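The structure under discussion is supplied below as structure tokens; questions concerning it will follow.
The values are calculated or read from the model by the stated rules, or taken from the named source; none is laboratory data. Everything numeric here is computed off the predicted structure, so don't read it as measured data. All Cβ positions, even for glycine, are placed from backbone atoms using ideal geometry, and neighbour counts span all protein chains on display.
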Amino acid sequence: MVAPLILGGFVLLVWEAVSRSGVVPSFFLPAPSAIGVRLVEDLTTGGLLGYVGPTLVEAALGCLVGAVVALPLGYLVFRSARAAAALEPYIAASQAVPAVALAPLLMLWLGYGLVPIVVLCALTVFFPILLATVLGLRTLDPDVVAAARLDGAGSWQLLRLIELPLALPALLTGLRNGFTLSVTGAVVGEFVMGGQGLGMLVAARGDSADTVGIFAALVVLCALAMSVYGLLSALERRLEN
């Protein structure tokens with residue numbers, strides 16, 4: 001815990017010194033102190049927190065939709081060799097096209113607003129959750145599974161009592177990483193397809209060349225992602241215990 005704080009403090013000090021020295025114009029790289037002042041102003045009088053809710057809702061819904069598709073599909077790939085042989089090439093090929101590159105198409109197909117952004121978030125998190133599901137299930141102790149089968153466990157009992165509990169850490173890791181990526185998808189979606197969240201705010205401040213304001217919004221965005229990541233990590237540790 002101490003090491004990250006020391007590193008972060010050192011980076012901020014160097015950043016402050018470079019900004020104040022004039023080596024880099026403050027328009028391009030404002031000082032952390034100026035960003036901090038703007039952040040406090042935005043939080044107290046500018047309603048910056050009001051932009052967090054829409055982005056969080058978009059990211060949560062997108063992660064949920066992605067998980068609803070990825071988890072059962074991952075189990076199917078794990079359980080059926082034929083399904084794995086049929087689906088894995090297409091799943092791998094789908095990663096050749098970044099999900100964010102589909103944003104213009106989603107805008108044309110679905111219009112603007114919540115729905116296309118949620119779909120974009122779901123596409124962003126689909127592969128990480130699917131991969132974590134398959135890896136988590138494939139790394140189960142085969143002796144434990146074999147013993148459960150000898151005791152007469154059927155497919156449903158095996159999933160509910162053995163496979164799901166043992167693979168839970170991997171599944172939670174996939175969901176945790178997926179949600180973080182979903183926040184990124186929500187911001188990118190707001191750039192292209194509108195919205196009322198942090199992505200729209202960053203785009204608006206970019207249009208007005210408000211560099212300090214952009215950095216202030218990015219700080220809130222990073223804090224949001226770190227908070228969600230930390231909460232899901234705490235939930236993961238609690239469930240493991």
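Just to be sure before I move on: is LEU105 of a type in the set (A, V, I, L, M), without any contact (Cβ under 8 Å) to a residue 24 or more places away in the chain and under 24 Å from LEU239 (Cα atoms) in the structure I sent?
Spelling it out, it is not the case that LEU105 is of a type in the set (A, V, I, L, M), without any contact (Cβ under 8 Å) to a residue 24 or more places away in the chain and under 24 Å from LEU239 (Cα atoms).
Right, here's the next one. Starting from the stretch 39-61, take each residue that is touching a residue at least 40 places away in the same chain (Cβ under 8 Å) and over 28 Å from LEU123 (Cα atoms) and list its partners that are surrounded by 13 or more Cβ atoms within 10 Å (Cβ to Cβ) and not basic (Lys, Arg), counting only C-beta distances under 6 angstrom and pairs at least six apart or across chains.
LEU39/ALA216; LEU39/VAL219; ASP42/LEU48; ASP42/ALA216
Name the one entry in THR124, THR133 that is crowded, with 21+ Cβ neighbours inside 10 Å, of a type in the set (S, T, N, Q) and more than 18 Å from GLY199 (Cα to Cα).
None of the others qualify; the one that does is THR133.
Counting only residues that are surrounded by 19 or more Cβ atoms within 10 Å (Cβ to Cβ), under 20 Å from LEU29 (Cβ atoms) and out of contact with any Gly (no Cβ under 9 Å at 6 or more places or on another chain), how many does the stretch 221-241 have?
Result for the stretch 221-241: 0.
I'd like the residue in the stretch 21-43 that is hydroxyl-bearing (Ser, Thr, Tyr) and at pLDDT below 85 and, out of all such residues, is surrounded by the fewest Cβ atoms within 10 Å (Cβ to Cβ).
In the first step, residues of the stretch 21-43 are kept if they are hydroxyl-bearing (Ser, Thr, Tyr); the result is 21, 26, 33.
Checking which are at pLDDT below 85 leaves us with 21, 26.
On the way: SER21: 8, SER26: 13.
The extreme case among them is SER21.
Which residue out of ALA204, ALA209, ALA216 is in a loop (DSSP other than H, G, I, E, B), farther than 17 Å from GLU58 by Cα and not β-branched (Val, Ile, Thr)?
None of the other options fit; the residue is ALA209.
The rows are residues; the columns are (1) under 19 Å from PHE126 (Cβ atoms); (2) out of contact with any helix residue (DSSP H, G or I) (no Cβ under 7 Å at 6 or more places or on another chain).
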site: LEU172; (1), (2): yes, no
site: GLN196; (1), (2): no, no
site: ARG205; (1), (2): no, no
site: ASP210; (1), (2): no, yes
site: CYS222; (1), (2): no, yes
site: VAL228; (1), (2): yes, no
site: LEU232; (1), (2): yes, no
site: LEU239; (1), (2): no, no
